[in-house]
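Asker: Just dropping this structure here.
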Amino acid sequence: MSQTLVEKIWDAHVVKSEAGFPDILYIDTHLIHEVTSPQAFDGLRKRGLPVFRPKQTVATADHNVPTINQLQPIKEELSRYQVDMLTKNCAEFGIELYGLGHPFQGIVHVIGPELGITLPGKTMVCGDSHTSTHGAFGAIAFGIGTSQVEQVFATQCLLQQRPKTMKIEVNGKLGKGVTAKDIILYIISKISAAGGTGYFIEYAGSAIEALSMEARMTICNMSIEMGARGGLIAPDQTTFDYIKGREFAPAGAEWDKALAYWKTLYSDADAKFDSVLTFEAEDIAPMITYGTNPGMGMGIKENIPSTSDQPDKEQLSYQKALDYMGFDDNSSLIGKPVDYVFIGSCTNSRIEDLREVAEFVKDKQKAENVTVWIVPGSKQVEQQAINEGLDKIFERAGFQLREPGCSACLGMNEDKIPAGKYCISTSNRNFEGRQGPDSRTLLVSPLTAAAAAITGKITDVREMLAEA
Amino acid sequence: MKKFERLISGLVPLNIENIDTDQIIPARFLKATTREGFGENLFRDWRYNGDNTLKADFVLNNPTYSGQVLVAGKNFGCGSSREHAAWAIQDAGFDVVISSFFADIFKGNALNNGLLPIQVSEAFLAAIFAAVGKNHKAQLDVDLENQTVTIADTGEKTDFEINSYKKTCLINGYDDIDFILDQKHLIEEFEQAK
């Protein structure tokens, strides 16, 4: 019978399926970090259970960690305690930890792929909603709550309802200055912050196939921002080339065996999806969000949609969002001054993102009114950036290249955007207060962020590319 | 896990859509390593001014409204997977959340903690908001066994869906780990067959 990619991977991991019950789904890899794991470890202690498969569990510290002077003791007491607890818990339960100071440390969704832990056909979970990132490799990867972290610790399985499937095709060629981030912000703006709820989304089409692995990760990363349980892309030569030779990737005969399996991982031509949507790449412009959920996005030259055009019962929430942002109906954002530029997060902190920004800002200077933070996704990304001399380019431009972590994406560490300030950010969420109490976030691509860093205001990057 | 069967209670109306888990419990309050105490910071930035004084106009600060049922606009709990959101709501004294639409991860987290998420139609949600608008002390009767919610003042009643397995868990206070651990032999067989 014809199957979608999700169904193929799902079926290969079902331990038990019984009518009236959720499936017992086997989890190949469990990624953990300091914020959503301590209560799960406590739960194990209360039940007197070990971690069932510690070798299939990988830990890192990312959410709370400082991004300057990372090797000095963490100043904030609660953050330090949480990171210390992770170290203690991993030692007690026999879990490999890539903690502060380790050359593999970084944002959990950056290190999995770069270490070759993330592989096609796997089931992967993490107590973090952006786990969908790993779907870029043709894996079923999704975020879970702490009770489920405890379940996976205890059993290496999860009780899960079989998901609905959606295919989103993006065909054609992207215009100049338009990137993967713009594709995903465009899709979310079209189907809303809840439009994918209940689905696993497979991204396909010629525009997706043309993307690098880093770009595919950016797309899959934000699946949750439309409510989807996960997002994935069928593995192809681009995927295999990326994986080959990575630290924990299969090698030798194991590689050949894995590769043969990975090549079976695609949706059959006549597979049935519960929903199919199609978009054209050429319709996509550099995107920007103007509100307080990722669905409130538009092409950067458009005007903010008016409140009266929203459905009646949504007008109150819509107006509340615009008031929070300090924006008016029908106005353009072009030329609005910005205060901070944040280039980082599990969405856009990979080496390719940093290269793209460096290429653009080479021999340019940031505007005086902006503070620019570049936070690499991992120690490996940081090291690579230094090896390639990107750090010098950033320094000359007046950008701060900091140390790896989640940083200002969610402001759990000191990297917070002050109240009322505007931050052009390559992260994934523009919720109220996400980057610090009363901060105002505008989500964009790394290129659009770089353009704003140079001009000090919201800028259509295409005009600057044309000049060059 | 906390058991749930039936609840007759007042409600707190929060007629806002797309309430994300960063509003329910901002990231900076996720640093505790136990499950307790998050209620204090539930809707922190909507409840408090920057100087930690209460915002008088926020519904949770209005003593006219009280009860163990939180009623909110559609797409409740979107965003981060933080289970702290469910813990915070529960810790603040709520046992039920009603909305016309829930984000998946939040819904799962709530069910795993004995906090009952009930999805109702837009029309029924509007009826609840209308009832509490007229009478701030309006009561809801939530009956899990029969899967119904009734607005006591008007007698309006609706059915709601819940997975039969999850319903059994809630009524008996079982959790998923108990269920899977009973079948550990199947997991080991699965691993050997791989």
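Asker: Taking 35 Å as R0, compute the FRET efficiency from the Cβ-Cβ separation of B:THR154 and B:LYS55 and round it to 0.05.
Answerer: 0.70
Asker: Another question about this same structure. Which of the peptides A:16-25, B:82-91, A:80-89 is most tightly packed, and how do the rest follow, going by the mean number of other Cβ atoms within 10 Å of each residue?
Answerer: Output ranking for A:16-25, B:82-91, A:80-89: B:82-91, A:80-89, A:16-25.
Asker: Quick one: 3J(HN,Hα) in Hz for segment A:448-460, Karplus 6.51/-1.76/1.60 with θ = phi - 60°, rounded, Gly and Pro as x.
Answerer: 5, 5, 5, 4, 5, 5, 6, 8, x, 8, 5, 9, 7
Asker: Here's something else I'd like to know. Using modelled amide H (1.01 Å from N, peptide plane; none on Pro or chain starts), what sits under 5 Å from the amide H of B:GLU83, excluding residues fewer than 5 places away?
Answerer: Residues meeting the criterion, in which the H sits 1.01 Å from N, are A:THR146.
Asker: Please identify every one of the GluC sites (Glu not before Pro) in segment B:144-194 that sits in a loop by DSSP and has no more than 11 other beta carbons within 10 Å of its own beta carbon.
Answerer: B:GLU145, B:GLU161
Asker: Using a 10 Å cut-off on Cβ to Cβ distances, tally the other chain neighbours for every residue of B:164-171 and report the average as a whole number.
Answerer: Taking all residues of B:164-171 together, the mean is 2.
Asker: Something else about it: Could you run the Karplus curve 6.51 cos²θ - 1.76 cosθ + 1.60 with θ = phi - 60° over segment A:303-310 and give me ³J(HN,Hα) per residue in whole Hz, x for Gly and Pro?
Answerer: Whole-Hz 3J(HN,Hα) from phi for segment A:303-310: 9, 4, x, 7, 4, 5, 7, 7.
Asker: Given the options B:THR21, A:GLY227, A:TYR340, identify the residue whose Cα lies farthest towards the positive end of the charge dipole of the protein assembly as shown (+1 on Cβ of Lys, Arg; -1 on Cβ of Asp, Glu).
Answerer: The one lying farthest along the dipole's positive direction is A:TYR340.
Asker: Next up: If the cut-off is 12 Å between C-alpha atoms, which aspartates and glutamates fall inside it for A:LYS457, apart from same-chain ones fewer than 8 positions away?
Answerer: Filter leaves A:ASP339, A:GLU368.
Asker: Further question on the same structure: How large is ³J(HN,Hα) for each residue in segment B:107-116, as worked out from phi by the Karplus curve 6.51 cos²θ - 1.76 cosθ + 1.60 (θ = phi - 60°), to whole Hz, x for Gly and Pro?
Answerer: Residue by residue, segment B:107-116 yields 4, x, 4, 4, 4, 6, 10, x, 9, 8 Hz.
Asker: Continuing with this model, one more query. Dipole magnitude of chain A about its Cα centre, charges +1 at Lys/Arg Cβ and -1 at Asp/Glu Cβ only, in debye to the nearest 20?
Answerer: 620
Asker: Kindly state, to the nearest 0.05, the FRET efficiency for A:GLN383 paired with A:SER332, given R0 = 41 Å and r defined as their beta-carbon distance.
Answerer: 0.50
Asker: Can I ask one more? Could you calculate the FRET efficiency of A:GLU254 with B:GLN147 from 1/(1 + (r/R0)^6), where r is the beta carbon distance between them and R0 is 35 Å, rounded to 0.05?
Answerer: Step by step, r from the Cβ atoms, then E = 0.10.
Asker: Which of the pairs A:LYS244/B:LYS31; A:LYS320/A:LYS416; A:LYS190/A:LYS320; A:LYS16/A:LYS244; A:LYS88/B:LYS166; A:LYS55/A:LYS190 have their Cα atoms more than 30 Å apart in this structure?
Answerer: A:LYS244/B:LYS31; A:LYS16/A:LYS244; A:LYS88/B:LYS166; A:LYS55/A:LYS190
Asker: Can you grab the distance from the C-alpha centre of segment A:326-349 to the C-alpha centre of segment A:1-27, Å, no decimals?
Answerer: Between the Cα centres of segment A:326-349 and segment A:1-27 lies a distance of 41 Å.
Asker: For segment B:12-130, rounded, prolate or oblate, judged on the Cα gyration tensor with a ≥ b ≥ c (square roots of eigenvalues), a/c < 1.5 rounded, else prolate if a/b > b/c?
Answerer: Oblate, because a/c is 1.5 or more while a/b does not exceed b/c.
Asker: A follow-up question, please. How crowded by other chains is B:10-23, given as the mean number of beta carbons from other chains within 10 Å of each beta carbon?
Answerer: 4
Asker: Let me ask something else. For chain B, what is the calculated [θ] at 222 nm in deg cm²/dmol (nearest 500), taking -39500 (n - 2.57) for each run of four or more DSSP H residues and dividing by its residue count?
Answerer: Here the helix-only value at 222 nm equals -8500 deg cm²/dmol.
Asker: Continuing with this model, one more query. Taking each residue of B:104-117 in turn, how many C-beta atoms of other protein chains fall within 10 Å of its C-beta, and what is the average?
Answerer: 4
Asker: So, with +1 on the Cβ of K and R and -1 on the Cβ of D and E, and no other charges, what is the size of the charge dipole of segment A:277-337 about its Cα centre, to the nearest 20 debye?
Answerer: That gives a dipole near 260 debye.
Asker: When a footprinting reagent is the concern and you count Cβ atoms within 10 Å, what order do A:LYS364, A:LYS416 take, fewest first?
Answerer: Lowest to highest Cβ neighbour count: A:LYS364, A:LYS416.
Asker: Non-local amide H neighbours of A:VAL372 (under 5 Å, H modeled in plane, Pro and chain starts lacking H): which ones?
Answerer: Here A:VAL341, A:GLN400 satisfy the definition.
Asker: Which peptide among A:432-440, A:329-337, B:172-180 comes first, and what is the full order, when sorted by highest mean count of other Cβ atoms within 10 Å?
Answerer: Most protected by this proxy first, the peptides run A:432-440, B:172-180, A:329-337.
Asker: Here's another thing I want to ask about it. Charges at C-beta only: +1 for Lys and Arg, -1 for Asp and Glu. How large is the resulting dipole of segment B:1-51 about its Cα centre, in Debye rounded to 20?
Answerer: 300
No value in this document is a laboratory result; all are computed from the given coordinates. As the structure is a computational prediction, the values presented were derived from the model and not from experiment. Reconstructed Cβ throughout: ideal geometry from the backbone, glycine too, with neighbour counts over all protein chains shown.
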